[in-house]
1. Give all pairs with beta carbons closer than 6 Å in which a residue from the stretch 232-252 that is of a type in the set (S, T, N, Q) meets a residue that is assigned to a helix (DSSP H, G or I) and surrounded by 16 or more Cβ atoms within 10 Å (Cβ to Cβ); count only pairs at least 6 apart in sequence or on separate chains.
2. Note down all Cβ pairs under 6 Å where the first residue falls in the stretch 185-208 and is farther than 16 Å from A275 by Cα, the second is assigned to a loop (DSSP other than H, G, I, E, B), and they're at least six residues apart or on different chains.
3. Return the total of residues in the stretch 172-190 being on the phi > 0 side of the Ramachandran plot and over 25 Å from the mean Cα position of the chain (by Cα).
4. Looking only at the stretch 192-224, how many residues end up being modelled with pLDDT under 95 and more than 22 Å from V149 (Cβ to Cβ)?
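The values are calculated or read from the model by the stated rules, or taken from the named source; none is laboratory data. These numbers were taken from a predicted model, which means no experiment stands behind them. Here Cβ is always computed from backbone atoms with ideal geometry, including for glycine, and neighbour counts include all displayed protein chains.
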Amino acid sequence: TTFFICSKAVSFNKSFFLNFIIAIFYYLHLDIFKLRILVSVSNFILGFRMLGEYDDESSSSGGEVTPTHKNNLHSQNVQQNPSILSSLRSVLIVLSTALICFAAARNSITWHCQRFWGASGDFWQAQWDKFLDTVGEDPFSLWVYGTFVLSFGVYWLFGGIYTILDLTNKPSAIRRYKIQPGTNEPVDTKKLVKVIWCVLVNQLVVGIPSSLFMYWAMKWRGYPPLRELPTFHWVLYELAVHILTEEAAFYYSHRFLHSRYLYKYIHKQHHEWTAPIAVTAIYCHSIEHIFSNLLPPFLGVFIMGSHVATAWLWFTLAILSTLNAHSGYHLPFFPSPEAHDFHHLKFNNCFGVLGVLDRLHGTDTNFRQTRAYVRHIMMLSFIPPREAFPEPDACKHKLGKR
């Protein structure tokens, strides 16, 4: 929630939001010294954002608002390829926002959460002890069979809900949240059966051996004792590492799959769906499933030597994220799937999960010039994104020009 609110503040360049969040952090017992640090960093973010907007405005106007004239050719080049300054600004915004969240969370939010965790820690530890007493403490069973059952259950429980929506088109109100209206309304049954068969093969024939490999890797790496659950702070720290590691691993593996040597033979299968549905998340070639779907989420677990419970929590979040990204629905209070949906539509933009590396490498340039980019936010109301941010009327636009 903190990451989202701060990112919203940066996106809309409203200092009120950041100052409001900082005030909340102060109310939650953040000391004056760190409050001054947060104010300084927030002002730096907002100033850098304004500088970027000034640079973008100058580029789009052909240099009319800048002291030095920029010709039209240069303006087009700026629009086609993001400048180094623009990419650097994006990275600094993300890092500075992360710094604000980390500094504040360490001294305020997690203080309250730790009180709850400490008060209920015995409860969770007791439940974990009961679970281990029931299923046993065999690491092999937990890492292999436990991981498979969890991932299989989460995928089909929530993927099944999305599939029912796609098959029945009910409730009808849900269709207002379609990213590509008119597609999969309802979904083609024959195509869906093909997807389900492929997904089951990937989960059973590829997934179980991959879980076995994961166990061997963790046994070689070393994992913490099974009985003792990690602390709240350590879980947060590990999840942050998992997210960043997956972003890097998925972005580069995914972009590599789009190379002319691999796309036709491996990745093209996944892109049969230009308007994806949730269960197509792992509808792909088995090689792609291993190196682009399974390996990136596991790398962070391996690097950190995570507890099996933390790994299960992270795998659950990763599965829910990819189901949402492929769902075809931009639902309220859910993370925006606009970027990945655009990737399926156009193929050559938006390769990552978070979008940070896309911004840095300029692989979201076309996406940022569309209306979908404007809608690429978490909707905090029940107004459908296409109604809140409608497509421009082309006929009206032409008449206006005349």
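1. Matching pairs, first to second residue: T245/L299; T245/G300.
2. C198/Y283; V199/Y283
3. The qualifying residues number 1.
4. 2
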